[in-house]
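> One structure coming up, written as structure tokens, with questions to follow.
The values are calculated or read from the model by the stated rules, or taken from the named source; none is laboratory data. In this text, all values refer to a predicted model and were calculated from it rather than measured experimentally. Positions of Cβ are generated from backbone atoms using ideal geometry, with glycine treated the same way; all protein chains shown enter the neighbour counts. Surface accessibility is based on the protein's heavy atoms, side chains included, excluding ligands, DNA and RNA. Shrake-Rupley method; radii C 1.70, N 1.55, O 1.52, S 1.80 Å.
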Amino acid sequence: MNESKSRRALTMLCMAGAMAALVAVGSKIPDIQIPSPLGSNRFHLGNVMCALSGLLLGPWWGGLAAGLGSAIFDLFDPLRIMEAPITFLTKGLYGVVAGTVFHRVFQGRSTYAHEAVASGAAAASYIAVYLVKCFLYNGLLVKGLSPDAAWIAALGKLPYSLFNGIVAVIFAPILGVALHKALKAAHLEEKLSLPQKSD
């Protein structure tokens, strides 16, 4: 029994590593800079991969993959390197919420609707935390803005955050449903659901 659990844990670790790599790559692709009078904003596919991590791996492994992959992306960007620990937590939340809603509320039943609701809950949670982070860290601490100016700067990120979140809500479930079918066909679904099921 212990050997079986060890194998399953190793499988989850490998999958989490693979998803962390996809999150890091997705955070760079396509990396379209969107001009804004309130600072730079970007469109990328990192949020899609963060949601997908939670959908596939559950809350804890998925959160680890989402946070680690996003933090790795920040570590390779001189402008973001100091934010890597914060990114680990905020993007990790993305995977945790997606995984919790999908695996605990919907019991891991893979349908587009279930995965879209889980991705939507994750996107909403992340956007709320991200705006607070922009207000406290970027606005008040780093830039030394007044509270009013810091909120204006933070809210200026909202349209782009919503856009990235909507993209994740649309595309993460498409990938999730397809990958759940593939995992079931390969008899790997049970191994990936280990953290959500009691023995």
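> Which order do you get for Tyr126, Tyr112, Tyr160 if you rank them by accessible area with a 1.4 Å probe, largest at the top? Don't jump to the answer; show the numbers that get you there.
Numbers: Tyr126 25, Tyr112 105, Tyr160 50 Å².
I get Tyr112, Tyr160, Tyr126, largest accessible area first.
> Follow-up. If you line up the Cα atoms of the stretch 64-199 on their principal axes, what length do they span on each, largest first, in Å?
54, 27, 25
> Report, in debye and to the nearest 20, how large the dipole of the stretch 25-166 comes out about its Cα centre when Lys and Arg carry +1 and Asp and Glu carry -1 on their Cβ.
Values: 9 positive and 6 negative charges, 25 e Å.
Its charge dipole is roughly 120 debye.
> Provide the per residue accessible area, probe 1.4 Å, for the chain, rounded to a whole number of square angstrom. Could you put the intermediate results ahead of the total?
Numbers: 10140 Å² over 199 residues.
On a per-residue basis, the chain sits at 51 Å².
> Once the dipole of the stretch 28-167 is set up with Lys and Arg at +1 and Asp and Glu at -1 on Cβ about the Cα centre, which of Leu52, Thr100, Gly63 lies farthest towards its positive end?
Sorting the options by dipole projection puts first Thr100.
> Would you calculate a helix-derived [θ] at 222 nm for the chain, using -39,500 (n - 2.57) for each DSSP H run of n ≥ 4 and dividing by the full residue count, to the nearest 500? Mind dumping the intermediate values first?
Numbers: 7 runs with 137 residues, N = 199.
After summing the helix terms and dividing by the residues of the chain, the value is -23500 deg cm²/dmol.
> Let me ask another. When the chain is modelled as a GNM with alpha-carbon springs shorter than 10 Å, which of Val132, Val96, Val23 fluctuates the most?
Val132
> Could you check how much of the accessible area of the chain is carbon and sulfur, as a whole percent, using a 1.4 Å probe? Let's see the in-between values first.
Working: 7310 of 10140 Å².
Of the solvent-accessible surface of the chain, carbon and sulfur hold 72 percent.
> Sequence neighbours fewer than 8 away in the same chain don't count; with that in mind, list the lysines whose C-alpha is under 22 Å from Lys184.
Lys5, Lys197
> State whether the stretch 89-150 is rounded, prolate or oblate according to the following rule on the C-alpha gyration tensor (a ≥ b ≥ c being the square roots of its eigenvalues): a/c under 1.5 gives rounded; otherwise a/b larger than b/c gives prolate, and the remaining case gives oblate.
The shape class here is prolate.
> Amide H of Arg42 versus every other amide H placed in the peptide plane: which residues, excluding those fewer than 5 positions away on the same chain, fall under 5 Å?
Amide H neighbours of Arg42: Ile34.
> Then there is this: Go through 45-53, 174-182 and give me the packing order, highest mean Cβ count within 10 Å leading. Walk me through the numbers on the way to the answer.
Numbers: 45-53: 30.8, 174-182: 16.1.
Packing order, densest peptide first, comes out as 45-53, 174-182.
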